[in-house]
Amino acid sequence: MGDDINAILRRLDELAPEIIKIYEEAMDEALDVILVEARDKAPRDTGRLKASLRKSRRRRRGNTVRGTVGTFEPSAMFNEFGTQFMKPRPFLYPALRSSEGRVREIFERRLKEGLDGGRIGW
């Protein structure tokens, strides 16, 4: 029994690089969905905030893939959370929430395609 488990663990280690590639591709696709939503929901006073939104994906700590959608535009924080003089006009968090279902579908589809398409040969 112990040999079977060790064989499975070795095989998972061998597959890890391809699984990570699939997750990176899924992350890029998911970030695109969230970015479109954020741009649609961003306040349009001047259009500068909407134009400043960007996506970023990076691999950290071994096998962890992380992505962000955001901006360095100072007005983003004021719009998202408000100030003592301005009501909040959130757009980033609502964009994430409204994209959750599609993001989940993207990751499920990409992993299934990897398994069914032979990219991950189990």
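Quick notes on this structure:
- Any chance Thr64 is within 28 Å of Gly101 (Cβ to Cβ), free of Cβ contacts under 8 Å to residues at least 12 places away in the same chain and polar (S, T, N, Q): yes
- Single unsatisfied condition, Gly114 versus (1) among the small types (Gly, Ala, Ser); (2) surrounded by fewer than 15 Cβ atoms within 10 Å (Cβ to Cβ); (3) over 13 Å from the mean Cα position of the chain (by Cα): (2)
- Only one of Arg10, Arg89, Arg57, Arg61 that is surrounded by 11 or more Cβ atoms within 10 Å (Cβ to Cβ) and either modelled with pLDDT of 95 or more or over 14 Å from the mean Cα position of the chain (by Cα) (or both): Arg89
- Output for segment 92-105, where each listed residue is surrounded by 12 or more Cβ atoms within 10 Å (Cβ to Cβ) and more than 16 Å from Ala38 (Cβ to Cβ): Glu105
- Close pairs from segment 1-26: first under 26 Å from Arg110 (Cβ atoms), partner in a helix (DSSP H, G or I) and modelled with pLDDT under 75, Cβ under 9 Å, at least 6 apart: Ile19/Leu12
- Segment 31-55 - residue that is among the small types (Gly, Ala, Ser) and free of Cβ contacts under 8 Å to residues at least 24 places away in the same chain and, of those, nearest to Gly82 (Cα to Cα): Gly47
- Scope segment 13-54; condition farther than 19 Å from Pro90 by Cα and over 20 Å from the mean Cα position of the chain (by Cα); matching residues: Asp13, Glu14, Leu15
- Considering residues of segment 36-54 that are crowded, with 18+ Cβ neighbours inside 10 Å and in contact with a strand residue (DSSP E or B) (Cβ under 9 Å, 6 or more places away or on another chain) only, the residue farthest from Glu105 (Cα to Cα): Leu53
The values are calculated or read from the model by the stated rules, or taken from the named source; none is laboratory data. All values reported here derive from a predicted model rather than from experimental measurement. Ideal geometry is used to build each Cβ from the backbone, glycine not excepted, and the neighbour counts take in all protein chains shown.
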